[in-house]
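The values are calculated or read from the model by the stated rules, or taken from the named source; none is laboratory data. These numbers come from a predicted model, not from an experiment. Virtual Cβ from ideal backbone geometry, glycine too; neighbours counted across all protein chains shown. Side chains included, ligands, DNA and RNA excluded: accessible areas come from the protein's heavy atoms. Shrake-Rupley method; radii C 1.70, N 1.55, O 1.52, S 1.80 Å.
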Amino acid sequence: MVAGFSYQDNICLGDCITLTDTTTGTPISWSWDFGGGATPNTSTSQNPVVCFNSTGTFNIQLTTSDAGGNNSSTTNSISVFGTPTVVAEHDTVIDIGYE
């Protein structure tokens with residue numbers, strides 16, 4: 001068994017994402033740790049949905065176990081960016097000599 005997962009790795013503050021288990025073999029349990037940046041911070045679901053409430057880079061760790069008691073772990077990082085602020089003002093074009 002080899003633990004693995006896929007996910008969107010660049011998100012904005014407040015975004016919620018689904019982590020998709022891609023473990024090979026036949027796991028029967030999953031233990032997730034989202035590195036302190038998400039709510040919830042841990043999960044035992046196979047494909048958890050998490051919302052990130054802090055900016056920064058966080059390590060996500062998945063540990064899987066099979067019926068024989070074998071464990072496999074993997075860790076990947078995710079970057080959480082602040083929400084961009086967009087300011088738009090009226091634009092004025094003056095075309096000299098145009099009627």
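Looking at Ile11, Ile28, can you tell me which residue is modelled with pLDDT of 95 or more and aliphatic (A, V, I, L, M)?
Details: Ile11 fails: modelled with pLDDT of 95 or more.
Within the list Ile11, Ile28, the selection yields Ile28.
Ser45 meets all of the listed conditions (1) open to solvent by less than 80 Å² (accessible area, probe 1.4 Å); (2) in a strand (DSSP E or B); (3) modelled with pLDDT of 95 or more but one, namely (2).
May I ask you to verify whether Ile17 is open to solvent by 40 Å² or more (accessible area, probe 1.4 Å), hydrophobic (A, V, I, L, M, F, W, C) and not in a loop (DSSP other than H, G, I, E, B)? No, not satisfied. No other residue among Gly69, Gly56, Gly82 is surrounded by 12 or more Cβ atoms within 10 Å (Cβ to Cβ) and not polar (S, T, N, Q) apart from Gly56.
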